[in-house]
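Below is one structure, written out as structure tokens; the observations come after it.
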Amino acid sequence: MDELNRSGVAELAQQLRNKKISAVELSQHFLKRAQADQHGSFLQNGFNEEATFRQAREADALIAKGDASPLLGVPIAHKDIFVTQDFVTTAGSQMLNGYQSPFDATVVRNLGVGHGGAGMVTIGKLNCDEFAMGSSNENSAYSVVKNPWDASRIPGGSSGGSAAAVAACVVPAATGTDTGGSIRQPASFCGITGIKPTYGRASRYGMISYASSLDQAGPMARSAQDCALLLSSMCAPDLDRDSTSLDIAREDFSKNLMTPLKSAGKNGALKIGVPHEWSMGTTARGKAKQIDESISLNISNALKQLQQSGAQLVEIDLPHAHLAIPVYYIIASAEASSNLSRFDGVKFGHRTSSPVDLIDMYKKTRTEGFGDEVLRRIMIGAYVLSHGYYDAYYLKAQKIRRLIAKDFEAAFQACDVIAGPVAPTVAWKLGDKADDPVANYLADIFTLPASLAGLPGMSIPVGLDGANMPIGMQLIGNYLYESLLLNVAHQFQTITSHHTLKAGGVV
Amino acid sequence: MSLNPQDIQRIANLARLSLDESQSKRMREQINGFFDLVTQMQDINTEGIEPMSHPVDLMQLQTLRLRDDVASEPNHRETNQRSAPAVERGLFLVPKVIE
């Protein structure tokens with residue numbers, strides 16, 4: 001069974017099509033693993049065996065009819081930020097404890113069985129930071145998620161359960177969401193591959209809103225090849241249900257995987273832009289602390305290998321990127337304070353037990369239902385949107401957001417993709433930054449700029465540090481250039497084996 | 001810039017939250033810590049820069065669209081109210097608002 005655990009999405013699909021194993025057998029196997037998982041990746045009540053096996057039987061019936069869809073019957077688990085009809089949906093919050101959604105998120109539908117979906121079988125729901133706010137998964141109201149590489153460390157966040165489950169081979173793939181780095185950072189910390197597509201590629205319908213101008217869904221798996229397969233099914237126009245869904249036909253993101261780097265660029269060889277600010281060991285102008293030496297070293301080694309495969313390195317400048325932390329936390333908090341106003345104890349979720357009047361009910365319900373980080377962001381958001389402060393904070397942040405986006409626009413004149421670190425450190429110890437929100441925010445310095453610009457970004461494993469913790473490299477592409485990112489990542493994974501490394505004890 | 005305890009109470013009221021004294025104190029320290037990072041924004045000249053509320057306009061692919069104003073979802077009142085804290089005859093119940 002060892003081999004089954006380590007098999008990727010593409011391999012499992014192959015075995016299903018060749019009738020070596022059935023979808024029911026596969027889901028039995030992975031469901032058992034998920035329920036026995038020791039890392040807290042899954043929500044305790046995030047399972048529905050009956051629904052899982054019903055989906056698996058439907059997939060088997062389609063396979064028997066000769067349906068050869070590339071993901072049919074392969075198990076997947078969903079971050080608990082996507083609403084699901086057959087599974088509880090909590091967003092990692094007490095506010096939604098026991099909530100049953102009347103519908104499935106579009107991404108869940110696109111990947112799932114029936115309704116023209118890809119036919120993947122849902123194993124269960126994955127733990128995450130409350131309302132996807134956090135970088136360590138410590139903000140979940142339900143349980144701590146442990147990093148499979150070292151159980152005393154965080155898995156990253158907010159898609160921490162997704163990253164840990166995939167890294168521990170509990171499932172071959174998972175969905176994640178990324179608002180300021182929530183796919184890329186946990187992927188990096190757990191040594192897996194994850195991609196956030198261009199803003200608007202994946203429908204946000206049924207993805208519980210945190211910051212609507214930033215939220216994007218994406219796949220997390222153990223190779224770029226698997227991510228490409230998953231992304232191709234996840235992304236499709238959803239014009240009637242998401243006003244920001246891009247009106248672009250479905251794309252086969254696997255189509256360019258094999259392109260050699262010497263011809264992958266717009267003018268011949270792939271040009272990789274290395275931000276001057278991110279490669280000097282410090283973030284020069286920012287307050288963020290130095291990058292771990294082992295991270296700089298592993299990334300420059302990875303870049304050398306890409307060079308040897310035909311890519312060229314060019315230095316680029318992102319002069320406003322260091323402002324991404326205040327800009328992001330103002331904009332995201334403002335949007336969060338507005339989005340989360342719907343949790344008022346009336347239509348769904350928690351309600352306080354004995355309110356004296358309506359206003360008291362709102363206040364007590366919300367204060368009881370939300371955790372500290374969510375309360376903090378609602379407060380910051382309400383403040384920067386309030387009369388007298390709107391121009392100085394919210395509007396100013398939106399103007400600098402454009403400057404950050406313009407930096408990328410200029411940079412992509414000189415290069416095809418941008419490469420750099422995902423985070424300044426590897427996964428830190430549980431509890432290390434739990435009481436210091438600003439320290440958590442600072443760790444997001446390298447993922448926030450692409451999020452603000454709406455650009456696609458991914459993380460691929462490039463090695464381990466001295467403590468045997470995984471290091472990820474970030475690749476950022478121009479708008480709609482996901483297939484190029486996946487191409488570069490796949491070419492790298494063809495000549496290296498970092499992505500195949502497993503944490504000790506993972507069987 | 002530094003928020004005082006009254007500011008925190010004012011913002012909490014705007015956001016419909018009720019923070020007790022110790023929560024308030026911690027919140028004030030942490031929010032002030034964050035606003036220390038915000039000061040670097042004020043040095044940036046943003047004269048003539050359009051605020052960017054959305055990445056879609058930068059992609060120059062399309063403008064945000066509105067769909068036709070027609071009912072597209074069937075009536076799911078019962079399933080939609082399944083997770084409501086208090087419902088009676090299809091209506092959401094709240095504490096009395098008019099004496």
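The values are calculated or read from the model by the stated rules, or taken from the named source; none is laboratory data. Computed from a prediction, not measured in an experiment: that's the story for all the values here. Here the Cβ is made from the backbone with ideal geometry for all residues, glycine too, and neighbour counts use every protein chain on show. The protein model used for the area step is the full one, side chains on, heavy atoms only, and it has no ligands, DNA or RNA in it. Shrake-Rupley method; radii C 1.70, N 1.55, O 1.52, S 1.80 Å.
Mind checking which aspartates and glutamates have their C-alpha under 14 Å from A:LYS271, skipping anything on the same chain fewer than 8 residues away?
A:GLU315, A:ASP416
Roughly how large is the B-A contact in terms of buried accessible area, totalled over both chains, probe 1.4 Å, nearest 100 Å²? It would help to have the intermediate numbers written out before the result.
Details: alone 10040 and 18900 Å², together 22910 Å².
Chain pair B/A: roughly 6000 Å² of buried accessible area.
What number, in percent, do you get for the relative contact order of the range A:2-234 if the mean sequence gap of Cα pairs under 8 Å and at least 6 apart is divided by its residue count?
Details: 586 pairs, mean separation 49.2, N = 233.
That works out to 21 percent.
In square angstrom, rounded to the nearest 10, how much accessible surface does A:ARG17 have for a 1.4 Å probe?
Accessible area, nearest 10 Å²: 80 Å².
What is the mean number of Cβ atoms from other protein chains located within 10 Å of the Cβ atom of each residue in peptide A:206-219, rounded to a whole number?
Going residue by residue through A:206-219 and averaging, the value is 1.
Checking the a/c ratio against 1.5 first, then a/b against b/c, what shape does the Cα gyration tensor give for chain B? Before the final figure, lay out the partial values.
On the way: a/c = 3.40, a/b = 1.19, b/c = 2.86.
Oblate is the answer for chain B, as a/c is 1.5 or above yet b/c matches or exceeds a/b.
Would you tell me the mean number of C-beta atoms belonging to other protein chains that fall within 10 Å of each C-beta in A:372-385, as a whole number? Present the calculation step by step, with values, prior to reporting the outcome.
Details: counts 4, 1, 0, 6, 5, 1, 6, 13, 8, 3, 8, 10, 3, 2.
Per-residue shielding by partner chains comes out at 5.
Just to be sure I understand the curve: with the Debye formula and one point per C-alpha of the range A:1-158, what is log10 I(q)/I(0) at q = 0.08, 0.15, 0.20, 0.21 Å⁻¹?
After summing over all Cα pairs, the log10 values are -0.23, -0.80, -1.24, -1.31.
When we measure straight from the Cα of A:LYS433, which aspartates and glutamates land under 15 angstrom away, once same-chain ones fewer than 8 places off are left out?
Once the sequence-local aspartates and glutamates are set aside, what remains near A:LYS433 is A:ASP129, A:GLU138, A:ASP372, A:GLU373, A:ASP444.
Under the rule of at least 5 residues apart or a separate chain, name every residue whose amide H is placed under 5 Å from the amide H of A:LEU313.
A:ILE272
Mean separation of Cα pairs under 8 Å and 6+ residues apart, divided by the residue count of chain B: what relative contact order is that in percent?
This gives 16 percent for chain B.
How much accessible area per residue does the range A:205-312 have, counting only protein heavy atoms and a probe of 1.4 Å, in square angstrom? Kindly include the intermediate steps, with their values, before the conclusion.
Numbers: 4430 Å² over 108 residues.
With all protein chains present, the range A:205-312 gives 41 Å² per residue.
For Cα pairs less than 8 Å apart in space and 6+ apart in sequence, what is the mean separation divided by the residue count of chain A, i.e. the relative contact order in percent?
On the way: 1215 pairs, mean separation 88.4, N = 507.
Relative contact order of chain A: 17 percent.
Can you order the peptides A:395-408, B:3-16 by their average number of other Cβ atoms within 10 Å per residue, highest first? Intermediate results must be reported in sequence, preceding the final value.
Details: A:395-408: 21.9, B:3-16: 16.9.
The packing order, highest mean first, is A:395-408, B:3-16.
If each DSSP helix of 4+ residues adds -39,500 (n - 2.57) and the sum is divided by the residues in chain A, what number results at 222 nm, nearest 500 deg cm²/dmol?
-10500 deg cm²/dmol
Which distance in Å, rounded to a whole number, links the C-alpha centroids of the range A:435-507 and the range B:36-91?
Using only Cα atoms, the two centres lie 28 Å from each other.
Ordering A:LYS266, A:LYS125 by accessible area with a probe of 1.4 Å, largest first, what comes out? Intermediate results must be reported in sequence, preceding the final value.
Values: A:LYS266 120, A:LYS125 0 Å².
Highest to lowest solvent-accessible surface, that is A:LYS266, A:LYS125.
Cross-link candidates for A:LYS266: which lysines have Cα within less than 27 Å, leaving aside residues fewer than 8 places away along the same chain?
Partners within reach: A:LYS196, A:LYS255, A:LYS304, A:LYS406.
Any idea of the accessible area per residue across the range A:1-118, 1.4 Å probe, to the nearest Å²?
Details: 4920 Å² over 118 residues.
Accessible area per residue: 42 Å².
Given chain A, what whole percent of its Cα pairs are spread farther than 46 Å?
Values: 8126 of 128271 pairs.
When every Cα pair of chain A is considered, 6 percent fall beyond 46 Å.
Hey, quick one: spin label on A:ILE359, modelled 7 Å out along Cα-Cβ, who in the range B:13-38 has an amide N within reach, i.e. under 20 Å?
B:13-21, B:24
Taking R0 as 22 Å, what's the FRET efficiency between B:SER22 and A:ALA439 from their Cβ-Cβ distance, rounded to 0.05? Numbers along the way, then the final one.
Details: r = 21 Å, r/R0 = 0.96.
For B:SER22 and A:ALA439, the calculated efficiency is 0.55.
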